[in-house]
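Engineer: Shown below is the structure under consideration.
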């Protein structure tokens with residue numbers, strides 16, 4: 001609650017023209033944004049560009065922010081949107097340069113492969129999450145990894161709680177199907 | 001597999017993946033720089049768009065003005081042509097009227113001139129009369145003053161021959177008869 005109030009105060013300060021308030025917002029939220037972007041994009045590690053894009057959008061739109069939700073929720077919504085457009089751009093890129101890109105992505109994932117069995121298992125889990133359609137992956141990341149409440153998650157995704165529950169249930173089902181064999185081992 | 005188990009698996013998988021690469025310390029400054037660049041670019045874009053729009057409006061208005069001017073010029077040319085046609089027609093009419101007047105004047109002058117001339121027959125008659133008179137006068141002088149009876153008789157005869165209808169022919173005949181009578185009387189007296 002205190003943090004929320006603090007952010008509201010910072011937003012107000014920024015609206016009055018105090019740009020140091022923005023620095024404090026970046027300091028406070030950048031880590032969470034980076035973690036969320038990292039998870040949404042399939043743990044690529046380097047997400048600075050996305051984080052910069054998110055804060056750039058926030059910088060340009062912060063004066064219009066009416067504090068109807070918490071600043072973090074607002075920033076998470078922006079992050080979701082930025083990750084969607086990032087993935088969409090990647091998809092377009094893959095279409096145009098399919099062979100080269102496929103090779104690159106294959107090597108990229110191989111780099112993360114580890115000798116140990118556990119690591120391989122967890123990597124498979126991460127792949128399973130990555131393989132989920134966007135509408136299931138986003139609720140899973142927000143709810144299970146970011147550990148946001150149902151209300152917050154529904155708000156960020158602009159869907160109802162019921163729809164969120166349905167999506168989560170279907171996502172779990174898919175993961176269960178994908179991971180049964182793996183877990184069975 | 002329960003929800004909690006899936007949740008735990010996901011959590012562990014996330015943990016083993018490691019977090020994101022640490023962000024640069026001057027992230028806020030970088031964002032501000034990008035924002036500034038974007039704002040400048042937006043401003044430049046707006047200015048460029050405004051300039052393009054103004055330029056387009058300028059060209060459009062110039063074309064409109066040019067078209068209007070051209071239309072006005074065409075209209076003026078048409079008016080000038082009409083005026084010229086009207087003027088030509090009026091000038092032709094004036095010229096015709098002036099020609100007519102000049103002809104009328106000339107006709108009047110000629111008629112006046114014609115009226116001023118006397119009748120030539122009359123004139124000839126007069127001249128003939130004058131000539132006859134002059135011949136008779138000469139003959140009288142020759143007979144009475146110069147005593148040239150033969151020449152006088154010749155002159156009287158000539159008047160009778162040339163102007164038989166004139167009154168001086170009658171006078172000449174009288175004189176001739178008088179002369180003949182005188183000659184006859186004189187011959188009688190000589191005989192007596």
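The values are calculated or read from the model by the stated rules, or taken from the named source; none is laboratory data. What you see is a predicted model, and the numbers here were worked out from it, not measured in a lab. Cβ coordinates were reconstructed from backbone atoms using ideal geometry, including for glycine residues, and neighbour counts include every protein chain displayed.
Engineer: Can you spot a residue in segment B:51-65 that is in a helix (DSSP H, G or I) and within 14 Å of chain A (Cβ to nearest Cβ)?
Structural biologist: no
Engineer: Mind listing whichever residues of segment B:4-26 are surrounded by 12 or more Cβ atoms within 10 Å (Cβ to Cβ) and in a helix (DSSP H, G or I)?
Structural biologist: Across segment B:4-26, the qualifying residues are B:5, B:6, B:7, B:8, B:9, B:10, B:11, B:12, B:13, B:14, B:16, B:17.
Engineer: Consider residue A:50 carefully, then state whether it is surrounded by 21 or more Cβ atoms within 10 Å (Cβ to Cβ), part of a helix (DSSP H, G or I) and either in contact (Cβ under 8 Å) with a residue 40 or more places away in the chain or at the interface with another protein chain (Cβ under 7 Å from one of its Cβ atoms) (or both).
Structural biologist: no
Engineer: Could I ask something else about it? Mind checking which residues of segment A:1-47 are without any contact (Cβ under 8 Å) to a residue 12 or more places away in the chain, farther than 18 Å from residue B:26 by Cβ and not in a helix (DSSP H, G or I)?
Structural biologist: A:1, A:16, A:17, A:18, A:45
Engineer: Can you find a residue that is more than 25 Å from residue A:30 (Cβ to Cβ), surrounded by 10 or more Cβ atoms within 10 Å (Cβ to Cβ), at pLDDT 90 or above and more than 14 Å from chain A (Cβ to nearest Cβ) anywhere in segment B:27-45? Spell out how you get there, then give the answer.
Structural biologist: Of the residues in segment B:27-45, the ones more than 25 Å from residue A:30 (Cβ to Cβ) are B:43-45.
From what's left, surrounded by 10 or more Cβ atoms within 10 Å (Cβ to Cβ): B:43-45.
Checking which are at pLDDT 90 or above leaves us with B:43-45.
Imposing the further condition that a residue be more than 14 Å from chain A (Cβ to nearest Cβ) reduces the set to B:44-45.
Among the residues of segment B:27-45, at least one is more than 25 Å from residue A:30 (Cβ to Cβ), surrounded by 10 or more Cβ atoms within 10 Å (Cβ to Cβ), at pLDDT 90 or above and more than 14 Å from chain A (Cβ to nearest Cβ), which makes the answer yes.
Table: residues versus (1) touching a helix residue (DSSP H, G or I) at 6+ places or on another chain (Cβ under 9 Å); (2) under 19 Å from residue B:17 (Cα atoms).
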position: A:25; (1), (2): yes, no
position: A:39; (1), (2): yes, yes
position: A:57; (1), (2): yes, no
position: A:66; (1), (2): no, no
position: A:70; (1), (2): yes, no
position: A:81; (1), (2): yes, no
position: A:85; (1), (2): yes, no
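Engineer: May I pose another question? When both residues are 6+ apart or on different chains and their Cβ atoms are under 7 Å apart, which pairs have a first residue that lies in segment A:56-67 and is in contact (Cβ under 8 Å) with a residue 60 or more places away in the chain and within 12 Å of chain B (Cβ to nearest Cβ), and a second that is surrounded by 15 or more Cβ atoms within 10 Å (Cβ to Cβ) and in a helix (DSSP H, G or I)?
Structural biologist: none
Engineer: Now a separate question. Does residue B:16 satisfy the criteria of being more than 7 Å from chain A (Cβ to nearest Cβ) and more than 18 Å from residue A:53 (Cβ to Cβ)? Break it down into steps so the answer makes sense when it comes.
Structural biologist: On the way: more than 7 Å from chain A (Cβ to nearest Cβ): no; more than 18 Å from residue A:53 (Cβ to Cβ): yes.
Taking the combined requirement at face value, the residue does not satisfy it.
Engineer: Under 30 Å from residue B:177 (Cβ atoms), in contact (Cβ under 8 Å) with a residue 12 or more places away in the chain and surrounded by 10 or more Cβ atoms within 10 Å (Cβ to Cβ): does that describe residue B:138?
Structural biologist: yes
Per-residue answers, yes or no, for (1) farther than 21 Å from residue B:18 by Cβ; (2) surrounded by 16 or more Cβ atoms within 10 Å (Cβ to Cβ); (3) at pLDDT below 90:
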residue: A:134; (1), (2), (3): yes, no, yes
residue: A:142; (1), (2), (3): no, yes, no
residue: A:153; (1), (2), (3): yes, yes, no
residue: A:160; (1), (2), (3): yes, no, no
residue: A:168; (1), (2), (3): yes, yes, no
residue: A:185; (1), (2), (3): yes, no, yes
